[in-house]
1. Under 24 Å from Ile273 (Cβ atoms), of a type in the set (Val, Ile, Thr) and within 16 Å of the ligand (Cβ to nearest atom): is that true of Ile66 in this structure?
2. From the set of residues in the range 69-81 that are surrounded by fewer than 15 Cβ atoms within 10 Å (Cβ to Cβ) and either modelled with pLDDT of 95 or more or not acidic (Asp, Glu) (or both), which is farthest from the chain's Cα centre (by Cα)?
3. Scan (1) within 30 Å of Leu268 (Cβ to Cβ); (2) in contact with a His (Cβ under 6 Å, 6 or more places away or on another chain); (3) at pLDDT below 95 for the single condition Glu84 breaks and write down its number.
4. Hey, Cys199 hits all of (1) in contact (Cβ under 8 Å) with a residue 40 or more places away in the chain; (2) crowded, with 19+ Cβ neighbours inside 10 Å but one; which does it fall short on?
5. Being in the same structural domain as Ala13 (by TED's automatic domain parsing), among the aromatic types (Phe, Trp, Tyr) and in contact with a helix residue (DSSP H, G or I) (Cβ under 6 Å, 6 or more places away or on another chain), is that true of even one residue in the range 42-65?
6. Tell me, which residue of the range 160-186 that is crowded, with 20+ Cβ neighbours inside 10 Å and among the β-branched types (Val, Ile, Thr) is farthest from Ile257 (Cα to Cα)?
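The values are calculated or read from the model by the stated rules, or taken from the named source; none is laboratory data. Keep in mind that this is a model prediction, so the values were computed, not measured. Cβ sites come from the backbone with ideal geometry, for glycine too, and all protein chains shown count toward neighbours.
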Amino acid sequence: MNIDSSLPAAWVAEFETTMNNLGAVLPVSERIHSVPDIKMPFHVFAWNSAIPNPFPQIRGASGASISGNDLLGKHMILEIPEREFIDNSLHRYAVIAHEYFHIYQIGLSEEIMKPTWMIEGGATIVEEIYTQQYYGQSEFDRGLFPVSATVLNNPQAFERFERDGGLVGSPADINYNSSAFMVLALIDMLEGRAIPEACAFKLVLKDFVAERPDHVDWRDAFQSVFAMSVEDFYSALRDGPYPSTGATDDWYQGAAIDVGAVLPSKSLTLNEIFAAT
Ligand SMILES: [Zn+2]
């Protein structure tokens, strides 16, 4: 582990606890060893944004992601914003769960990370359930605000990152909230078929990802796991009970929707989800 001393001891301790918690509840599949770009040991690089990136092995890297380079293969980058320490923001810990879950997804899917709304939305939901479970609070408490109304009219645009011509990670997907909403709406539709909550979460967060390598087109994996076509899902989004919040925040311009109808139970845990059958 390359954990820079610019990070407080309390963060380092929490990092180790979080990785241990997640490793116990959702262990990374052994299939990860057959992913070409995975080399052992798996490297983590973490530092406080108060200082420049201190690691010559990942020169130019910033932010938080799972990235790859020829020498190291895939590795985790955690540049923790100094502001999150000043503001006591839980995100400085939640981001660990988010990036860990991407490794979990890579292991199950053999690195077929599509569609992007499922991948980023899934990691964001795991991140929030983690903080709900271990810290007693999450962005769900704030209604996952803001979820852009764009998601109802143009869900297809969330199949790709903004850098690839889509809307994931764009101003219409702040904190990946719009992507996370799409995943929660899908889960809600599954629950509507009398599938228990934890099982519905597992179908989307785990079973779909594991099904991906068996299909060339992700739409076929979607149909196979959810017994629903992607087109029907997108239409159901448009027709769903998601009114405008009417809320205006000084930092958010645009139409946001109220997603209270699809938020998970406050008591839902990662243990229940990943142990569900
Ligand atoms: Zn992510």
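1. Working: under 24 Å from Ile273 (Cβ atoms): yes; of a type in the set (Val, Ile, Thr): yes; within 16 Å of the ligand (Cβ to nearest atom): yes.
The answer is yes for Ile66.
2. First, pick out the residues of the range 69-81 that are surrounded by fewer than 15 Cβ atoms within 10 Å (Cβ to Cβ): 69-71.
From what is left, the residues that are either modelled with pLDDT of 95 or more or not acidic (Asp, Glu) (or both) are 69, 71.
On the way: Asn69: 22, Leu71: 26 Å.
Among those residues, the one meeting the criterion is Leu71.
3. With (1) within 30 Å of Leu268 (Cβ to Cβ); (2) in contact with a His (Cβ under 6 Å, 6 or more places away or on another chain); (3) at pLDDT below 95 applied to Glu84, the lone miss is (3).
4. The failed condition is (2).
5. Taking the range 42-65 first, the residues in the same structural domain as Ala13 (by TED's automatic domain parsing) are 42-65.
Narrowing further to those that are among the aromatic types (Phe, Trp, Tyr): 42, 45, 47, 55.
Add one more test, that the residue is in contact with a helix residue (DSSP H, G or I) (Cβ under 6 Å, 6 or more places away or on another chain), and what stays is 45.
Looking for residues that are in the same structural domain as Ala13 (by TED's automatic domain parsing), among the aromatic types (Phe, Trp, Tyr) and in contact with a helix residue (DSSP H, G or I) (Cβ under 6 Å, 6 or more places away or on another chain), one finds at least one in the range 42-65, hence yes.
6. Ranking the qualifying residues of the range 160-186, first place goes to Val168.
Conditions (1) within 15 Å of the ligand (Cβ to nearest atom); (2) of a type outside the set (Phe, Trp, Tyr), marked per residue:
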| residue | (1), (2) |
| --- | --- |
| Glu110 | no, yes |
| Met118 | yes, yes |
| Ala123 | yes, yes |
| Thr131 | no, yes |
| Phe140 | no, no |
| Pro146 | no, yes |
| Gln156 | no, yes |
| Glu162 | yes, yes |
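Residues checked against (1) within 16 Å of the ligand (Cβ to nearest atom); (2) within 17 Å of Val126 (Cα to Cα); (3) assigned to a strand (DSSP E or B):
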| residue | (1), (2), (3) |
| --- | --- |
| Val12 | no, no, no |
| Val44 | yes, no, yes |
| Gly60 | no, no, no |
| Glu84 | no, no, no |
| Val95 | yes, yes, no |
